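Shown next, in structure tokens, is the structure this report addresses.
Each reported figure results from applying straightforward, stated rules to the coordinates on display, with no laboratory input. The shown structure was predicted, so the numbers you read here are calculated from the model rather than taken from an experiment. Because the Cβ atoms are built from the backbone with ideal geometry, glycine has one as well, and the counts that use them run over all protein chains shown.
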2 protein chains.
Amino acid sequence: MASDQTRSAILAAAERLYADRGFGDVTLRDIVAEADVNLAAVNYHFGSKDELIAELFVTRSIATNRERLRELKAAEEQGGGRAPIEVILRALVGPTLRGCLGPENQRSTAARFMIRASIESVPPIRRIKNREIDHLRKFANAMRRALPERSDEEIYWGLHFALAMAHHTIRESERLTKLSDGRCDLDDVDAIIERVVSVAATALTAGKATGKAPARVAVR
Amino acid sequence: MASDQTRSAILAAAERLYADRGFGDVTLRDIVAEADVNLAAVNYHFGSKDELIAELFVTRSIATNRERLRELKAAEEQGGGRAPIEVILRALVGPTLRGCLGPENQRSTAARFMIRASIESVPPIRRIKNREIDHLRKFANAMRRALPERSDEEIYWGLHFALAMAHHTIRESERLTKLSDGRCDLDDVDAIIERVVSVAATALTAGKATGKAPARVAVR
DNA sequence: TTGCAATTCAAACAGTTGTATGAAACTATC
DNA sequence: GATAGTTTCATACAACTGTTTGAATTGCAA
């Protein structure tokens, strides 16, 4: 068998199993059985189990990040170097949400894998996420250009909250469906994106641009 | 040694180790060494490792939930059965945020343990979190009373986003500090609470109360 | 075909894990 | 102080883990 047939058989099998059963209880032996290759092949081709997981996650998140930047760049070029805040936020949360949500029965293996990665967060994945800061900084810069009167602190909180809503929706989509008894439609991804974008944009633009936290409401 | 001295020595040691090193690489042998008790004591007193973790988490989250409900009840009684939305939201996210954030060097073991539980999410903890829906429903009901003109869908999304911002801030506090280069002050818990409450309240009250998602911004 | 490198394979390795056991030590009751 | 019930203890268990090894096989170039 050609070398990279084995390689990609392992990748495919691993992604499928991790997506279905989580990182916690999938062993190398499960993976090689599913891929129908020899046990030693994983270490031969990837070095270690962690590097296999890392490669899976890197591949997927590079794709998402590239799409994010593509949308951001397109928007800024169209606006002559300055895009509306809503469009920036949409470029930030859109690719992730579109990649992970949507009708459950038609979610790709990649989507289910990324949901798992978002929920379980094993060490090799955490290491990679920690290197995402430079990527996020590009969005912070774009947001600064869109809202020059806002303080950096406000910009970062807005970025942070936008990611919070997107990731929490991915992580807890099942619970939200149950809690709302189906009233919140988790299948309409575009509506969810607009909802997140709208709330984040409001948070970033509402109130005076003092750079300070909103005054505390006096009731208690 | 009296029976519950061993029990609580195990609980204390386990919480400390899990808080410091995460669930992934703390074994029963680490715990019993730290607690200076026999290996078999864990299974004798708790039945299994998972039940030990579950007991730790249940204890802490019961405390948080009790505090949440106390604040909610107090607010509703003071308002004659109807509390302002900001106060409800503050009762929802305040106890959690106060329990997990604050100056790093003075965070309790319990706080650090809850942060871990929020990041790593092992099976026994996930099982318990899934049973929290009834608890959250009480807040949904209070929010409905506070905003009777809002649709249920809007209420649930608002509740969901409030939790999203609170939990994501706990999970990613370190990254936000790094990303913002220290501009976002993660030590001022009260300011964070007000920020989350303010954004969530705005999301719940802004715009027409049509019960539909905000209209999509036309730029792209 | 020969030679060499890349790949596959079965098997074993070395270590760790949570749990179970049965005897010993302890504690409280009568 | 004997008895019954708890709790502790050292130890073993059984299973599983990721990784390594060295020989066998394959693929390809000369």
Fill in the blank from the handout: Expected max-MSF residue from B:Tyr156, B:Tyr18, B:Tyr44 in the GNM of chain B (alpha carbon, under 10 Å) is B:Tyr44
Problem - J(HN,Hα) series, the stretch B:62-71, from Karplus relation 6.51 cos²θ - 1.76 cosθ + 1.60, nearest Hz, glycine and proline x - result: 4, 4, 5, 5, 5, 5, 4, 5, 4, 5
Handout entry: At q = 0.11, 0.24 Å⁻¹, base-10 log of I(q)/I(0) for the stretch B:123-210 (Debye sum, equal scatterers on each alpha carbon)
Key = -0.40, -1.16
Practice task
Kindly state, as a whole number, the per residue volume in cubic angstrom of the convex hull around the alpha carbon atoms of the protein assembly as shown.
Solution key: 161 Å³
Exercise for the section: Please build a GNM for chain A, connecting alpha carbons under 10 Å apart, and tell me which residue among A:Thr96, A:Thr202, A:Thr169 fluctuates the most. Expected result: A:Thr202
Handout entry: Helix-only CD estimate at 222 nm, as mean residue ellipticity for chain A, using -39500 (n - 2.57) per DSSP H run (n ≥ 4)
Key = -23500 deg cm²/dmol
Exercise for the section: Would you work out the charge dipole size for the protein assembly as shown about its Cα centre, treating the Cβ of every Lys and Arg as +1 and the Cβ of every Asp and Glu as -1, and quote it to the nearest 20 debye? Expected result: 840 debye
Handout entry: Calculated label separations, A:Gly81, copies of the chain, 7 Å along the beta-carbon direction, nm
Key = 6.1
Completion exercise
Note on the stretch B:1-47: contact order normalised by length, alpha-carbon pairs under 8 Å, 6 or more apart, percent, works out to 41 percent
Practice task
Evaluate E = 1/(1 + (r/R0)^6) for A:Thr205 and A:Asp30, where r is the Cβ-Cβ distance and R0 equals 56 Å; express this FRET efficiency to the nearest 0.05.
Solution key: 0.70
Practice task
Over the whole of B:197-206, what's the average partner chain Cβ count within 10 Å per residue? Rounded to a whole number, please.
Solution key: 5
Handout entry: Cα gyration tensor category, rounded, prolate or oblate, for the stretch A:1-67 with a/c compared to 1.5
Key = oblate
Handout entry: Among B:Leu52, A:Leu72, B:Gly81 - extreme Cα towards positive end, dipole of the protein assembly as shown, charges at beta-carbon
Key = B:Gly81
Completion exercise
To the nearest 0.05, the calculated FRET efficiency linking A:Ser48 and A:Arg137 through their beta-carbon distance, R0 being 30 Å, is 0.50
Practice task
Please report, to two decimal places, log10 I(q)/I(0) for the stretch A:14-114 at q = 0.12 Å⁻¹ as given by the Debye formula with identical point scatterers on the Cα atoms and no solvent.
Solution key: -0.54
Problem - Unsatisfied cross-links (Cα-Cα over 29 Å) in the set A:Lys138/A:Lys178; A:Lys49/A:Lys178; B:Lys49/B:Lys73; A:Lys73/B:Lys178; A:Lys178/B:Lys178 - result: A:Lys138/A:Lys178; A:Lys49/A:Lys178; B:Lys49/B:Lys73; A:Lys178/B:Lys178
Practice task
Could you work out which residue, out of B:Asp20, B:Asp181, B:Asp152, moves most in a Gaussian network model of chain B, that is, has the largest mean-square fluctuation with Cα springs under 10 Å?
Solution key: B:Asp181
Problem - Label-point separation, A:Gln5 to A:Asp20 (7 Å along Cα→Cβ), nm - result: 2.3 nm
Handout entry: Total charge dipole magnitude, chain A, about the Cα centre, Cβ charges on Lys, Arg, Asp, Glu only, Debye to nearest 20
Key = 800 debye
Practice task
Could you line up B:Ser108, B:Ser180 from fewest to most neighbouring Cβ atoms inside 10 Å?
Solution key: B:Ser108, B:Ser180
Handout entry: Shielding score for B:179-185, defined as the mean number of other chain Cβ atoms within 10 Å
Key = 6
Exercise for the section: Net charge near A:Arg21: determine it from the other residues with C-beta under 14 Å of the C-beta of A:Arg21, scoring Lys and Arg +1 and Asp and Glu -1. Expected result: -1
Completion exercise
Output for chain B (equivalent-ellipsoid semi-axes, sqrt of 5λ from the C-alpha gyration tensor, Å, descending) is 37, 20, 16
